1. When only C-alpha pairs under 8 Å and at least 6 residues apart count, what is the relative contact order of segment 88-138, in percent?
2. How many Å² of accessible area per residue for segment 62-125, probe 1.4 Å?
3. Can you list which of the GluC sites (Glu not before Pro) found in segment 36-144 are DSSP loop residues with at most 15 other C-beta atoms within 10 Å?
4. Give the residue list of trypsin sites (Lys or Arg not before Pro) in segment 37-144 that are DSSP loop and have at most 13 other beta-carbon atoms within 10 angstrom.
Amino acid sequence: MSIRHFRTFLAPLLVLTPGCSQQAAKRPPPPHELRPDIVTGVINLPAKTELPEGTIAQVVLLQISESEVPGAMIASQDFPVRDPSEPPLFTLRFNPNAVDQTHRYVIRAKILIDGKVRYENSEGVPVLTYGHPPHANVPVQPTG
């Protein structure tokens, strides 16, 4: 191979390759690849819902029994809704030893205003096992 061919064909690859790998190294992997002990997600409120200050969000990770009813609670978290005009985001930590890959798990969410449940997800969103990701978009509906 002549030097002219090297400059034309291979030299651009040498310049591009390090830049590409540096960009890939700077980009963090998704949270579930970093931490096998968390579930992340968003609580989706009905359109045009604005929450008052002091609103509390609650997320729960539940194991589903063979009879399709919620079983053991694996983890839960209550947190204040920081921006009432945005859907609440959550990161729920759990003990990975409490998760059995042969069982099913769901995330449920509630929104509490003045200490009362005003929005709720009653079905649960599957996560973690049977091909479900460790991320959930949890729709909630008014309770009353």
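The values are calculated or read from the model by the stated rules, or taken from the named source; none is laboratory data. Quantities reported herein were computed from a predicted structural model and do not represent experimental measurements. Glycine gets a Cβ as well: all are built from the backbone with ideal geometry, and neighbour counts include every protein chain shown. With ligands, DNA and RNA removed, areas are computed over all heavy atoms of the protein, side chains included. Shrake-Rupley method; radii C 1.70, N 1.55, O 1.52, S 1.80 Å.
1. 32 percent
2. Values: 4040 Å² over 64 residues.
Averaged over the residues of segment 62-125, the accessible area is 63 Å².
3. On the way: sites: GLU50, GLU53, GLU66, GLU68, GLU120, GLU123; in loops: GLU50, GLU53, GLU66, GLU68, GLU123.
Of the GluC sites (Glu not before Pro), the ones in loops of segment 36-144 whose Cβ has at most 15 other Cβ atoms within 10 Å are GLU50, GLU53, GLU66, GLU68, GLU123.
4. Numbers: sites: LYS48, ARG82, ARG93, ARG104, ARG108, LYS110, LYS116, ARG118; in loops: LYS48, ARG82.
For trypsin sites (Lys or Arg not before Pro) across segment 37-144 that sit outside H, G, I, E and B with at most 13 neighbouring Cβ atoms in 10 Å, the list reads LYS48, ARG82.
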